[in-house]
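Peer 1: Before anything else, here's the structure in question.
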Amino acid sequence: MTLRFKRTLIISLAVLSLLLNACSGQAAAQAPDADFSIQINQVSFTSSDLSHLEYHEETLTRFGRDGEEQVTCSGYRLADILSLADLNAGSQVTFMAADGFSAEVSYEQAVLETTLIVLEENGEVLDDDNLPMLAVDGEGGNVWVRGVAEIIVTE
């Protein structure tokens with residue numbers, strides 16, 4: 001084999017490998033350009049602080065007055081955010097909205113893979129007043145807190 005043929009073969013194999021990798025997997029969800037901050041046990045975290053975390057899209061169940069609803073939510077896993085804040089244990093997690101509304105869940109429920117801090121609901125970026133939103137799979141709308149401003153983890 002000539003040197004030119006070897007180079008062409010190697011380049012062709014590299015391009016083929018890149019194409020196969022690009023076509024074989026689903027593209028990872030990407031966070032929208034959203035600006036917010038959350039106080040977590042009196043430490044402030046901004047959207048920039050969270051931007052390096054993995055962004056997830058999940059279909060979650062929310063219960064309301066009209067029954068069960070399937071909602072596609074995109075955001076960060078709360079477990080990842082609490083880990084970033086070095087809060088790896090607790091008993092209760094309280095979520096306070098900017099408008100004064102609050103809700104509580106157990107720490108165990110807060111760190112489930114399907115408990116998210118949501119930036120997008122059903123493909124639409126939340127407006128500034130509702131950003132970000134707590135979404136807890138299988139819970140009623142009274143636990144889905146819009147406009148989360150503060151998270152408090154208690155022992």
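Peer 1: Tell me the GluC sites (Glu not before Pro) within the stretch 76-126 that lie in a loop according to DSSP and have at most 14 other beta-carbon atoms within 10 Å.
Peer 2: On the way: sites: Glu104, Glu108, Glu113, Glu120, Glu121, Glu124; in loops: Glu113.
Listed in order of number, the matching sites are Glu113.
Peer 1: So for Met96, Met133, fewest C-beta neighbours within 10 Å to most, what's the order?
Peer 2: Details: Met96 18, Met133 21.
The most exposed by this proxy come first: Met96, Met133.
Peer 1: Tell me, what does the Kirkwood hydrodynamic radius of the stretch 37-154 come to in angstroms if you use every pair of distinct C-alpha atoms?
Peer 2: 14.0
Peer 1: Sorted from fewest to most neighbouring beta carbons within 10 Å, what does the list Leu116, Leu53, Leu82 look like? Walk me through the numbers on the way to the answer.
Peer 2: On the way: Leu116 27, Leu53 16, Leu82 22.
So the ranking, lowest neighbour count to highest, is Leu53, Leu82, Leu116.
A short reminder: the numbers here are calculations on the coordinates, not readings from a lab. Worth saying up front: this structure is predicted, and the values here are computed from it rather than measured. In this analysis, Cβ positions are derived from the backbone assuming ideal geometry, glycine residues included, and neighbour counts consider all displayed protein chains.
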